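**Student:** I have a structure here, written as structure tokens, and I will follow up with some questions on it.
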There are 2 protein chains.
Amino acid sequence: MTTFRQIKSDVIGRITAGEWGPDATLPSETELAARYGCARATVNRALRELADDGVLERRRKSGTRVRAAPVRQARFEIPLVRREVEGQGAAYRYALVERAVMAAPDWLRARMALEPEARVLHLVCMHYANASPYQYEDRWIALDTLPAAEAEDFAATAPTAWLLATIPFSQVEISFAATEADAALAAHLGCAEGAALFFAERSTWFDGKPVTFVRLVHRPGHRVTARY
Amino acid sequence: MTTFRQIKSDVIGRITAGEWGPDATLPSETELAARYGCARATVNRALRELADDGVLERRRKSGTRVRAAPVRQARFEIPLVRREVEGQGAAYRYALVERAVMAAPDWLRARMALEPEARVLHLVCMHYANASPYQYEDRWIALDTLPAAEAEDFAATAPTAWLLATIPFSQVEISFAATEADAALAAHLGCAEGAALFFAERSTWFDGKPVTFVRLVHRPGHRVTARY
DNA sequence: AAGTGGTCTAGACCACGAA
DNA sequence: TCGTGGTCTAGACCACTTA
């Protein structure tokens, strides 16, 4: 019997061997099903998954082609800090550094597309691994969208965990970049001023409305890794 | 009629509404198919995709559960530098800075799991956007695995493009981090020494054998972004 | 031993999009 | 117009896992 996995690796093999070069059109699903001696649904699943992986490009009527420039995609897991730290066998500790309710500063209003006069909750938190600074968290929560946040003190629970429990499914944009440590960051993370720090920024929407913006600055040397 | 997309969003809706809380077990596929009035294959596809997305966890016999801590995954596209630059409407230019064949240094042997005495091709390249430095590339190619690389001069073609054409499918590990600019980096990227730079490192294997290791250092301010 | 998901089949209808 | 992929169906057998 032919399984969709076999078809996938056979197709990859033919592309690698050069039988189907860049931009080549593959035979139709019906044709391939006949060749492999299986049902069209089986071929469909194999080709669909390869298209998801960025190897193939499919269009109705014109057929299935080998992507000239394969879309390389890496999937990164975004863990909760607590899990990340504990997964490394270290003891996790959370601390709230600052908590304030205020009118959204201009840069944040622009960034999150907030209404003028929008009120936000600003939180600064620290995450420690075995008593060493691990991550600095600078978070802003839109109170218009999530008024319940104002009643939380976040003294013991990290905002990420609370948010995850409150709005488990949301649209997220994440980006990675580097920044130099300013005086405050250096003090909190225990590094030299000017040190190169890796950070992630996340914007979250729920039901089309802006919920939260966070900058997570990692201690020096931190890296995120993925395989594909 | 009920489509697998409708089922997906209905399931998400019920989880969001709290009907199926964390760790809750969903009804079996057969049961759900009866409820939705569709075939089991349709339910299967919906639940399988939600499991791929990290929302559900499925196990034979024990059933489908809502993940307590949803696995957040972000998919980043890894473009060729040329495409990235041109996609921003800038003119792309490539330059080879250095090319040398040598015995692999110890740190690289360890990192790539190379044989003792392994020979490698070391390349340093620059990528420019509108004549401004865009990315610094420090690449090592294992000549044992890819002897053909020694015959290439890489004067006009960037190694990434050549590698992609030569071994289109390979296993890749990528990681992101930050580093401070040393004198050489600062000169090449036109930034101050000590500036915080974002970089990606990629290790590639083909057929289980190490092929290449590359560090791509971006100009100051660069970020990579993904949605999920 | 038994229930659950994993997969395949053979057939069907439909939507898109290039000619 | 009409060929291609997209999806659904009803049924089947199997593999895994837990009780």
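**Student:** Using a Gaussian network model of chain A whose springs link C-alpha atoms within less than 10 Å, name the residue from A:134, A:92, A:36 with the highest mean-square fluctuation.
**Tutor:** A:36
**Student:** Once you have a ≥ b ≥ c as the square roots of the Cα gyration tensor eigenvalues for region A:1-118, tell me rounded if a/c is under 1.5, and otherwise prolate or oblate according to whether a/b is larger than b/c.
**Tutor:** Numbers: a/c = 3.63, a/b = 2.17, b/c = 1.68.
It is prolate, given that a/c is not under 1.5 and a/b is the larger ratio.
**Student:** A further question on this structure: Quick check on the protein assembly as shown: helices-only [θ] at 222 nm, where DSSP H runs of length 4 and up contribute -39,500 (n - 2.57) each and the sum goes over total residues. Nearest 500, please.
**Tutor:** Values: 14 runs with 126 residues, N = 456.
Calculated at 222 nm, the ellipticity per residue is -8000 deg cm²/dmol.
**Student:** Still on this model: Give me the percent of the accessible area of chain B that comes from carbon and sulfur atoms, probe 1.4 Å, all protein chains in place.
**Tutor:** Numbers: 5370 of 11140 Å².
C and S fraction of accessible area: 48 percent.
**Student:** How much net charge surrounds residue B:205 when only other residues with a Cβ under 13 Å from its Cβ are counted (Lys, Arg +1; Asp, Glu -1)? Provide the component values of the computation, followed by the final result.
**Tutor:** Details: positive: A:227, B:111, B:202, B:209; negative: B:144, B:173, B:207.
Net of charged neighbours comes to +1.
**Student:** Here's a follow-up. Treat every Asp and Glu Cβ in the protein assembly as shown as -1 and every Lys and Arg Cβ as +1, leave all other atoms uncharged, and give the resulting dipole magnitude about the Cα centre to the nearest 20 debye. Mind dumping the intermediate values first?
**Tutor:** Working: 58 positive and 56 negative charges, 391 e Å.
For the protein assembly as shown, the charge dipole is close to 1880 debye.
**Student:** Which ³J(HN,Hα) values, rounded to whole Hz and listed in residue order, are derived for region B:167-181 from phi using the Karplus coefficients 6.51, -1.76 and 1.60 in 6.51 cos²θ - 1.76 cosθ + 1.60 with θ = phi - 60°, glycine and proline given as x?
**Tutor:** Values, residue by residue: 10, x, 10, 8, 8, 10, 10, 10, 9, 10, 6, 10, 8, 8, 6 Hz.
**Student:** What is the mean number of Cβ atoms from other protein chains located within 10 Å of the Cβ atom of each residue in peptide A:6-17, rounded to a whole number? Could you put the intermediate results ahead of the total?
**Tutor:** Details: counts 0, 0, 0, 0, 0, 0, 2, 1, 0, 2, 6, 0.
Per residue, the number of nearby Cβ atoms from other chains is 1 on average.
**Student:** When the dipole is taken about the Cα centre of region A:81-218, and only Lys, Arg (+1) and Asp, Glu (-1) are charged at their Cβ, what size is it in debye, to the nearest 20? All intermediate terms of the calculation are to be shown ahead of the outcome.
**Tutor:** On the way: 11 positive and 18 negative charges, 56 e Å.
The dipole magnitude comes to about 260 debye.
**Student:** Quick one: accessible area per residue over chain B, 1.4 Å probe, rounded to a whole number of Å²? Please list the in-between numbers first.
**Tutor:** Details: 11140 Å² over 228 residues.
Per-residue value: 49 Å².
**Student:** At 0.36 nm per residue, minus the direct Cα-Cα distance, what do residue A:16 and residue A:187 gain on full extension? Give it in nm, one decimal, please.
**Tutor:** Working: separation 171, 0.36 × 171 = 61.56 nm, distance 5.20 nm.
Between residue A:16 and residue A:187, full extension yields an extra 56.4 nm.
**Student:** Membrane-span-like helices in chain A: DSSP H runs reaching 15 Å or more (Cα, own axis), mean Kyte hydropathy at least -0.5? Can you show the working numbers first?
**Tutor:** Values: long enough: A:4-16 (18 Å, -0.10); A:40-52 (18 Å, -0.58).
Answer set is A:4-16.
**Student:** Another one. Normalising by the residue count of region B:81-218, find the relative contact order in percent from Cα pairs under 8 Å and 6+ residues apart. Provide the component values of the computation, followed by the final result.
**Tutor:** Working: 261 pairs, mean separation 31.3, N = 138.
Across region B:81-218, relative contact order equals 23 percent.
**Student:** Are there residues in region A:150-186 whose accessible area shrinks by at least 30 Å² when all protein chains are included rather than the chain by itself, and which are they (probe 1.4 Å, ligands and nucleic acids not counted)?
**Tutor:** A:164, A:168, A:169, A:172, A:173, A:174, A:175, A:176, A:177, A:178, A:180
**Student:** Total Å² of accessible surface buried at the B-A contact, 1.4 Å probe, nearest 100? Walk me through the numbers on the way to the answer.
**Tutor:** Details: alone 13400 and 13370 Å², together 22260 Å².
Counting protein atoms only, the buried area is about 4500 Å².
**Student:** Which of A:61/B:8; A:8/B:8; B:61/B:209; A:209/B:8 have a Cα-Cα distance over 32 Å? All intermediate terms of the calculation are to be shown ahead of the outcome.
**Tutor:** Details: A:61/B:8 27 Å; A:8/B:8 25 Å; B:61/B:209 38 Å; A:209/B:8 21 Å.
The answer is B:61/B:209.
**Student:** Let me ask something additional. Arrange the residues A:206, A:169 by how much accessible surface each exposes, largest first, with a 1.4 angstrom probe.
**Tutor:** On the way: A:206 60, A:169 35 Å².
Largest accessible area first, the residues go A:206, A:169.
**Student:** Near the amide H of residue B:118, under 5 Å away, which other amide H atoms are found, from residues 5 or more places off or on another chain, if H is placed in the peptide plane?
**Tutor:** The list, which skips near neighbours in sequence, is B:104.
**Student:** Sticking with this one: Treat every Asp and Glu Cβ in region B:138-223 as -1 and every Lys and Arg Cβ as +1, leave all other atoms uncharged, and give the resulting dipole magnitude about the Cα centre to the nearest 20 debye.
**Tutor:** Numbers: 6 positive and 11 negative charges, 65 e Å.
It works out to roughly 320 debye.
**Student:** List residues of region B:178-211, by number, whose backbone nitrogen lies under 11 Å from a label position 7 Å along Cα→C-beta of residue A:225.
**Tutor:** B:203, by backbone N distance to the label point.
**Student:** Ok, one more. How charged is the neighbourhood of residue A:83? Take every other residue with its Cβ under 12 Å from the Cβ of residue A:83, and add Lys/Arg as +1 and Asp/Glu as -1.
**Tutor:** -1
**Student:** For region B:83-100, in order, what is each residue's ³J(HN,Hα) by Karplus, 6.51 cos²θ - 1.76 cosθ + 1.60 with θ = phi - 60°, in whole Hz (x at glycine and Pro)?
**Tutor:** The phi angles translate into 5, 4, 5, 5, x, 8, x, 9, 7, 9, 9, 10, 9, 8, 9, 7, 8, 8 Hz.
**Student:** Looking only at other chains, what is the average number of their beta-carbon atoms within 10 angstrom of each beta-carbon in A:52-58?
**Tutor:** Details: counts 2, 0, 3, 2, 0, 0, 0.
Neighbouring Cβ atoms belonging to other protein chains average 1 per residue here.
**Student:** Here is a further query. Residue by residue, what Karplus-based ³J(HN,Hα) values in Hz, rounded to whole numbers, does region B:127-134 have, using 6.51, -1.76 and 1.60 with θ = phi - 60° and x for Gly and Pro?
**Tutor:** 10, 10, 10, 6, 6, 8, x, 10
**Student:** Taking amide H atoms as placed 1.01 Å from N in the peptide plane, list the residues 5 or more away in sequence, or in a different chain, whose amide H sits under 5 Å from that of residue B:146.
**Tutor:** HN-HN under 5 Å from residue B:146: empty list.
**Student:** While we're looking at this one, here's another question. When a/c is below 1.5 the answer is rounded, else prolate if a/b is larger than b/c, else oblate, so apply that to the protein assembly as shown with a ≥ b ≥ c taken from the square roots of the Cα gyration tensor eigenvalues.
**Tutor:** On the way: a/c = 1.89, a/b = 1.05, b/c = 1.81.
In terms of gyration-tensor shape, oblate.
**Student:** Using a ≥ b ≥ c from the Cα gyration tensor of chain B (square roots of the eigenvalues), is it rounded, prolate or oblate, where a/c under 1.5 gives rounded and otherwise the larger of a/b and b/c decides, a/b for prolate? Working shown, then result.
**Tutor:** Numbers: a/c = 2.77, a/b = 2.14, b/c = 1.29.
The shape class here is prolate.
The values are calculated or read from the model by the stated rules, or taken from the named source; none is laboratory data. Every value quoted in this text rests on a predicted model; they were computed, and no experiment measured them. Here the Cβ is made from the backbone with ideal geometry for all residues, glycine too, and neighbour counts use every protein chain on show. Side chains are part of the model used for accessible areas, which takes the heavy atoms of the whole protein and leaves out ligands, DNA and RNA. Shrake-Rupley method; radii C 1.70, N 1.55, O 1.52, S 1.80 Å.
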